[in-house]
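Since the structure comes first, as structure tokens, the remarks are kept for the end.
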Amino acid sequence: MLNKLTKKIVAFRNNRDWKQFHTPKNLAISLSLEASEVLEHFQWKDTDEVAEHINSHKKEIADEMADVLAYLLLMSHDLDIDLQQAFNQKMEQNEMKYPVEKAKGNNKKYTEL
């Protein structure tokens, strides 16, 4: 699935001749900015307001999340990073850092478990 999505966003970019603007720095900045736009949907809202906002703004939140994914896919493509492999390796690391018997139901950082 990731390969299909990556091909789609790379083709979109290349058809518009935008690769010239997509340096690693610019992609990282754009990724961060789009993630902040996701966060903006939750800023200053209490739990009830968040639930209500999600129900009434799901499309807008999804659009921002899709923007985050697009920049992440472009960045992984351009840096030749296999996201699926990187994710799997990171999950293996997390399994070791956060063993179920110590981390279950606990929000402490691995160094505090």
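The values are calculated or read from the model by the stated rules, or taken from the named source; none is laboratory data. No experiment lies behind these values; they were computed from the predicted model shown. Here the Cβ positions follow ideal geometry from the backbone for every residue, glycine too, while neighbour counts run over all protein chains shown. Accessible surface areas use protein heavy atoms only, side chains included; no ligands, DNA or RNA. Shrake-Rupley method; radii C 1.70, N 1.55, O 1.52, S 1.80 Å.
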Could you work out which residue, out of A103, A62, A11, moves most in a Gaussian network model of the chain, that is, has the largest mean-square fluctuation with Cα springs under 10 Å?
-> A103
Residue-averaged [θ]222 nm for the chain, counting only DSSP H segments that reach four residues, each worth -39500 (n - 2.57) = -24000 deg cm²/dmol
Give the span of the chain's Cα atoms along each principal axis, as three whole-Å numbers ordered largest to smallest.
-> 49, 36, 25
Once the whole set of protein chains is in place, how much accessible area is left on L2, using a 1.4 Å probe, in Å² to the nearest 10?
-> 60 Å²
Note: probe point = Cα of L39 + 7 Å toward Cβ; backbone nitrogen < 13 Å; residues of region 64-93 passing the test are none
In whole percent, the fraction of accessible protein surface over the chain that belongs to carbon or sulfur atoms, probe radius 1.4 Å, stands at 55 percent
Eligible lysines near K58 by straight Cα distance, threshold 19 Å, same-chain separation 8 or greater = K45
Got a sec? What order do I9, I61 fall in by accessible area at 1.4 Å, biggest, i.e. largest, first?
-> I9, I61
With every protein chain left in place, what is the accessible area per residue of the chain in square angstrom, probe 1.4 Å?
-> 80 Å²
Give, rounded to the nearest 20 debye, the magnitude of the charge dipole that the chain has about its Cα centre when Lys and Arg contribute +1 at Cβ and Asp and Glu contribute -1 at Cβ.
-> 480 debye
Length added when fully stretched, K102-V10, from 0.36 nm per residue minus Cα-Cα = 28.9 nm
The chain: relative contact order in percent, alpha carbon pairs under 8 Å with at least 6 residues between = 33 percent
Rounded to the nearest 10 Å², the 1.4 Å probe accessible area of I54 is 60 Å²
For E52, E64, write out the residues from largest to smallest accessible area, computed with a 1.4 angstrom probe and no ligands counted.
-> E52, E64
Please name whichever of N106, N14, I61 sits farthest to the positive end of the charge dipole of the chain, dipole taken about the Cα centre and charges placed at Cβ: Lys and Arg +1, Asp and Glu -1.
-> N14
Please give the direction-averaged projected area of the C-alpha convex hull for region 32-97, in square nanometres with one decimal.
-> 6.1 nm²
Full-stretch length increase - D82, K19 - with 0.36 nm per residue and alpha-carbon distance subtracted = 20.8 nm
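Let me check something: with ligands and nucleic acids excluded, how do V68, V100 order by accessible area (1.4 Å probe), largest to smallest?
So, going from the largest accessible area down, we get V100, V68.
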Using a 1.4 Å probe, how large is the accessible area of T23, given in Å² and rounded to the nearest 10?
-> 60 Å²
Relative contact order for region 25-91: what is it in percent, counting Cα pairs under 8 Å that are at least 6 residues apart?
-> 45 percent
FRET efficiency estimate (nearest 0.05) - Cβ-Cβ, Q93 to L113, R0 22 angstrom | 0.95
